[in-house]
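This report concerns only the one structure given below.
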């Protein structure tokens, strides 16, 4: 926490890493993220799984709100979120859909 508090300029942090779940540690960093939020920092959450083995696939991911399924639209949504526009979220199973 001391390092996270001391750093500036970062906009996001990994709050879930699925690979860590099969090791002797917690895959979650929610407590650290919640602490930063409660201290007034705007830090977006990211979820990943690193995919070192076949069993590591689809454990954590980032969902982007896009109007079209293209690489450009997804990257733009992720960039927008990092600029505090809120067009993506981290997930480990929950999905939010919006029918236009």
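The values are calculated or read from the model by the stated rules, or taken from the named source; none is laboratory data. A quick note: this is a predicted structure, and the numbers were derived from the prediction, not measured. Quick reminder, even Gly has a Cβ in these numbers, built from the backbone with ideal geometry, and neighbours come from all protein chains shown.
Here are some notes:
- Members of the range 1-20 found to be surrounded by fewer than 17 Cβ atoms within 10 Å (Cβ to Cβ) and part of a helix (DSSP H, G or I), listed by number: 2, 3, 4, 5, 6
- For the range 43-52, the candidate set comprises residues that are part of a strand (DSSP E or B) and more than 13 Å from residue 21 (Cβ to Cβ); within that set, the residue that is farthest from the chain's Cα centre (by Cα) is 44.
- Leading residue by the ranking (nearest to residue 96 (Cα to Cα)) among those in the range 53-64 that are in contact with a helix residue (DSSP H, G or I) (Cβ under 6 Å, 6 or more places away or on another chain) and not in a strand (DSSP E or B): 60
- Scope the range 69-85; condition at pLDDT 70 or above and touching a strand residue (DSSP E or B) at 6+ places or on another chain (Cβ under 9 Å); matching residues: 73, 74, 75, 76, 77, 78, 80
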